[in-house]
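Okay, so here's the structure we're looking at.
Every number in this text was worked out from the coordinates using simple rules, so none of it is lab data. Given the structure is predicted, the values throughout are model-derived calculations rather than measurements. Don't worry about glycine lacking a Cβ; one is built from the backbone with ideal geometry, like all the others, and counts go over all protein chains shown.
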Amino acid sequence: MIAPSILSADFARLAEEAAAVTGSDWLHVDVMDAHFVPNLTLGLPVVESLLKATDIPLDCHLMIDDPGRWAPPYAEAGAYNVTFHAEATDDPVAVARDIRAAGAKAGLSIKPGTPLDPYLAILRHFDTLLVMSVEPGFGGQSFIPEVLDKVARVRRLVDSGELSILVEIDGGINADTIEAAAEAGVDCFVAGSAVYGAADPSAAVEALRRQAGSASPHLHL
């Protein structure tokens with residue numbers, strides 16, 4: 001699965017930029033509040049507008065404080081998957097429950113430096129685990145390969161039947177890094193500049209999908 005990140009798109013032409021990646025599995029929307037991360041991007045009104053402009057399922061990644069208050073409205077608006085950060089709440093399971101009750105899949109995201117162990121026991125309450133492979137806040141950063149150890153651990157739990165969760169990765173994914181991520185066990189790849197920096201974004205999505213599929217022991221084209 002490829003999820004182009006509109007953080008790398010032209011914000012003045014979001015409907016056209018969404019149309020440019022028709023065929024993508026998800027459209028990744030980075031919501032930043034300038035508190036949890038040192039950047040401010042877009043919020044619920046833009047997501048509501050995007051939902052009217054595209055049929056691609058929206059994958060909303062909330063890099064915000066107080067997700068318990070702000071996450072459920074994204075699900076209510078019609079986002080397919082709503083992911084929030086483990087570091088932003090003391091009760092991630094309650095937030096996940098509210099997201100699901102509002103009609104969306106629930107995702108948990110962890111920063112590159114956040115250990116996986118404290119969260120392994122609660123992953124069964126989530127549909128998606130989003131492993132950040134850059135520090136959240138800005139696009140265009142370099143991939144941090146050390147995070148693939150976390151991916152591999154969760155992949156083993158999924159493959160053994162102990163866990164049912166989709167493993168997503170976000171940060172620095174491009175033609176040079178996607179194969180290593182696929183080999184480690186990623187299911188869904190968020191790609192920003194690798195897609196929207198290409199002359200043909202839709203063709204870039206397909207090329208990344210082929211690369212991931214050929215490198216992965218578990219993905220099938």
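Key figures for this structure:
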item	result
Region 78-106: number of residues that are crowded, with 24+ Cβ neighbours inside 10 Å, over 15 Å from Gly68 (Cβ atoms) and among the small types (Gly, Ala, Ser)	1
Residue list for region 1-52, filter: of a type in the set (Val, Ile, Thr) and surrounded by 22 or more Cβ atoms within 10 Å (Cβ to Cβ)	Ile2, Ile6, Val21, Val29, Val31
Residue in region 161-179 that is farther than 23 Å from Val21 by Cβ and either surrounded by 18 or more Cβ atoms within 10 Å (Cβ to Cβ) or in contact (Cβ under 8 Å) with a residue 60 or more places away in the chain (or both) present	yes
Some residue of region 133-148 being farther than 17 Å from Ile110 by Cα and among the hydrophobic types (A, V, I, L, M, F, W, C)	no
Every pair of residues 6+ apart whose Cβ atoms lie under 6 Å, when the first sits in region 78-102 and is in contact (Cβ under 8 Å) with a residue 40 or more places away in the chain while the second is surrounded by 15 or more Cβ atoms within 10 Å (Cβ to Cβ) and among the charged types (D, E, K, R)	Asn81/Asp59; Asn81/Lys105; Ala88/Asp65
Those residues of region 72-116 which are within 18 Å of Met32 (Cα to Cα) and of a type in the set (Ser, Thr, Tyr), in sequence order	Tyr74, Thr83, Thr89, Ser109
